[in-house]
Amino acid sequence: MNKLELLYDVLHDKMHSQVFYNEQMIRITNPVAHQLFMRLRDEEAQHILRLRMEILTLETRPFPINKILPGIEANPRFRL
């Protein structure tokens, strides 16, 4: 599993946690518990935003030329 796959797994878990906290917040009538679940939900939203930014950074990073053309350094055809 590479870094991008791990980040997607964590993102998936964070999104499920956010849904859980939101559902509990709606059901709870105790104001203190309601505030707790609201804070936990909002923290998960911040984590999701950071994860999405990291995923976007990794997905837009260009590949090094030696990964696209694996033999280029070993057998250069043209020399300047």
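Restricting segment 16-30 to residues that are touching a helix residue (DSSP H, G or I) at 6+ places or on another chain (Cβ under 6 Å) and in a helix (DSSP H, G or I) leaves a set whose member that is surrounded by the most Cβ atoms within 10 Å (Cβ to Cβ) is Tyr21. When Met1 is tested against the conditions (1) in contact with a helix residue (DSSP H, G or I) (Cβ under 9 Å, 6 or more places away or on another chain); (2) in a helix (DSSP H, G or I); (3) within 23 Å of Glu54 (Cα to Cα), the lone failure is (2). Pairing residues of segment 31-57 that are assigned to a helix (DSSP H, G or I) with residues that are hydroxyl-bearing (Ser, Thr, Tyr), at Cβ distances under 6 Å and at least 6 apart in sequence or on separate chains, gives Phe37/Tyr21; Leu40/Tyr21; Arg41/Tyr21; Glu44/Ser17. Within segment 1-25, being under 16 Å from Arg41 (Cβ atoms) and in contact (Cβ under 8 Å) with a residue 40 or more places away in the chain holds for one residue alone: Leu11.
Bear in mind that the values in this text are calculations on the coordinates, not laboratory data. This structure is a prediction, so every number in the text was calculated from the model and none was measured. So basically every Cβ, Gly included, is an ideal-geometry build from the backbone, and we count neighbours across all protein chains shown.
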